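The values are calculated or read from the model by the stated rules, or taken from the named source; none is laboratory data. This is a predicted model, so every value here is computed, not measured. Cβ placement follows ideal geometry from the backbone for every residue including glycine, while neighbour counts extend to all protein chains displayed.
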Amino acid sequence: MAQTQAQTRAGEYDEGLRKYMLGVYNYMTVAMVITGVIAYFTSTSAAMVQLIFGTPLVWVVMLAPLGFVLFLSFRINKMSAGTAQFTFWAYSAAMGLSLASIFLMYSLPSITKIFLITAISFAGLSLVGYTTKKDLSGMGSFLIMGLIGIIGASLVNLFLGSPALEFVISVVGVLVFAGLTAYDTQQIKNMYYAADSGEVVTKKSIMGALRLYLDFINLFLFLLQLFGSRE
């Protein structure tokens with residue numbers, strides 16, 4: 001009898017975990033669609049391109065996504081689930097405006113090809129993070145150090161403009177965000193243990209989607225820098 005109850009609880013837990021992870025991927029997918037649609041249609045509007053990239057408004061557009069990430073990260077525990085969702089959708093829209101520039105820099109076939117490569121790679125890496133029995137938490141500090149190094153080197157290269165350094169940054173960026181995809185997936189899965197209500201589960205799903213969204217976007221951008229065909 002006790003064994004049957006344990007099996008029932010385990011089955012309920014597995015079902016809850018699957019729904020939770022599906023929610024994470026669904027939020028991420030919707031955000032990606034919003035970003036992609038806004039980025040493409042912004043890039044095809046001469047008026048929008050001039051308004052954003054031809055005026056100081058470009059700094060607002062470029063920095064707004066960071067503001068949303070910080071706001072969501074620090075305030076989500078005090079938000080309702082509905083407010084958190086709205087903020088996440090607003091963030092993905094802001095990212096769409098920011099990423100419109102890639103359609104001006106790279107050919108559409110190139111963007112499409114790199115996006116598909118990124119999607120396949122991301123799916124495989126995320127599956128590894130979800131299914132592996134190995135604890136990936138030890139990778140965290142190493143990957144964060146790599147991320148900090150990328151940010152620092154990118155800031156330096158703003159002044160140097162070195163193609164060689166840009167290449168190195170892109171290669172390291174692909175490796176770091178490939179690792180982060182697997183690592184974050186496992187961490188997001190583990191977050192389910194601490195969820196104690198439907199409201200908490202929803203907000204954890206949104207934060208998980210944000211982490212994977214950032215991994216995907218950055219992996220895509222670094223691959224685009226390495227293999228994309230410029231206009």
Output the qualifying pairs, or none if there are none: Cβ atoms under 7 angstrom, residues six or more apart or on different chains, first residue in the stretch 125-147 and under 18 Å from Gly173 (Cβ atoms), second residue of a type in the set (Phe, Trp, Tyr).
Met139/Tyr183; Gly140/Tyr183; Leu143/Tyr183
Taking into account only those residues within the stretch 180-226 that are among the acidic types (Asp, Glu) and crowded, with 19+ Cβ neighbours inside 10 Å, which is farthest from Val128 (Cα to Cα)?
Asp215
Restricting attention to the stretch 75-96, and to residues there that are polar (S, T, N, Q) and within 29 Å of Phe220 (Cα to Cα), which single residue is surrounded by the most Cβ atoms within 10 Å (Cβ to Cβ)?
Ser92
Matching option when the condition is closer than 18 Å to Leu224 by Cα, touching an Asp or Glu at 6+ places or on another chain (Cβ under 6 Å) and either of a type in the set (Phe, Trp, Tyr) or crowded, with 17+ Cβ neighbours inside 10 Å (or both), among Phe122, Phe103, Phe177:
Phe177
Selected residue (only one of Leu226, Leu147, Leu219 is part of a helix (DSSP H, G or I), modelled with pLDDT of 95 or more and farther than 26 Å from Met79 by Cα):
Leu219
Which pairs have Cβ atoms under 6 Å, sit 6 or more apart or on different chains, and link a residue in the stretch 13-36 that is closer than 26 Å to Ala93 by Cβ to one that is among the hydroxyl-bearing types (Ser, Thr, Tyr) and at pLDDT 95 or above?
Met28/Tyr213; Ala31/Ser92; Ala31/Tyr213; Ile34/Ser92; Thr35/Ser92
Just to be sure, is Ala31 in a helix (DSSP H, G or I) and either of a type in the set (Val, Ile, Thr) or closer than 25 Å to Gln187 by Cα (or both)?
yes
